[in-house]
1. Looking at the range 60-78, which of its residues are under 29 Å from Gly11 (Cα atoms) and either of a type in the set (S, T, N, Q) or out of contact with any strand residue (DSSP E or B) (no Cβ under 6 Å at 6 or more places or on another chain) (or both)?
2. Only one of Tyr77, Tyr36, Tyr3 is aromatic (Phe, Trp, Tyr) and more than 12 Å from the chain's Cα centre (by Cα); which?
3. Within the range 31-78, which residues are surrounded by 12 or more Cβ atoms within 10 Å (Cβ to Cβ), polar (S, T, N, Q) and within 21 Å of Glu17 (Cβ to Cβ)?
Amino acid sequence: MNYLFASTNFGTEKLLEKELLYLGAKNLSVQRGGVYYDANDKLLYQSLMWSRIASRIFLHITTFKIKNIHDLYKNTYN
């Protein structure tokens, strides 16, 4: 399962959410500028092929908190 972010123009997030639901996306989270969602590989490719509203689709790799620049470098290279 992939955790993805589909970016879109501001103000069209709800339309993108409806489009992704129609394609079969699960666990959607509407944010300013896009929508986070879970997708298997098939849905990932369907999103890339058929979404008319998403401008880009990003694969979420990891999340971490930083307190200084050294934390950023440490977490990026690990």
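FYI, it's all coordinate maths here, none of it is from the lab. Predicted model, so just to flag it, every value in this text is computed and none were measured. For neighbour counting, all protein chains shown are included, and Cβ atoms are generated from backbone atoms with ideal geometry for every residue, glycine included.
1. Start the filter on the range 60-78 by keeping residues that are under 29 Å from Gly11 (Cα atoms), which leaves 60-65.
Correct list: Ile61, Thr62, Thr63, Phe64, Lys65.
2. Working: Tyr36 fails: more than 12 Å from the chain's Cα centre (by Cα); Tyr3 fails: more than 12 Å from the chain's Cα centre (by Cα).
Only one candidate qualifies: Tyr77.
3. Asn40, Gln46, Ser47, Ser51, Ser55
A quick yes/no check of all residues on (1) assigned to a helix (DSSP H, G or I); (2) on the phi < 0 side of the Ramachandran plot; (3) free of Cβ contacts under 8 Å to residues at least 24 places away in the same chain; (4) not basic (Lys, Arg):
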position	(1), (2), (3), (4)
Phe5	no, yes, no, yes
Glu17	yes, yes, yes, yes
Leu28	no, yes, yes, yes
Val35	no, yes, no, yes
Leu43	yes, yes, yes, yes
Ile53	no, yes, no, yes
Thr62	no, yes, yes, yes
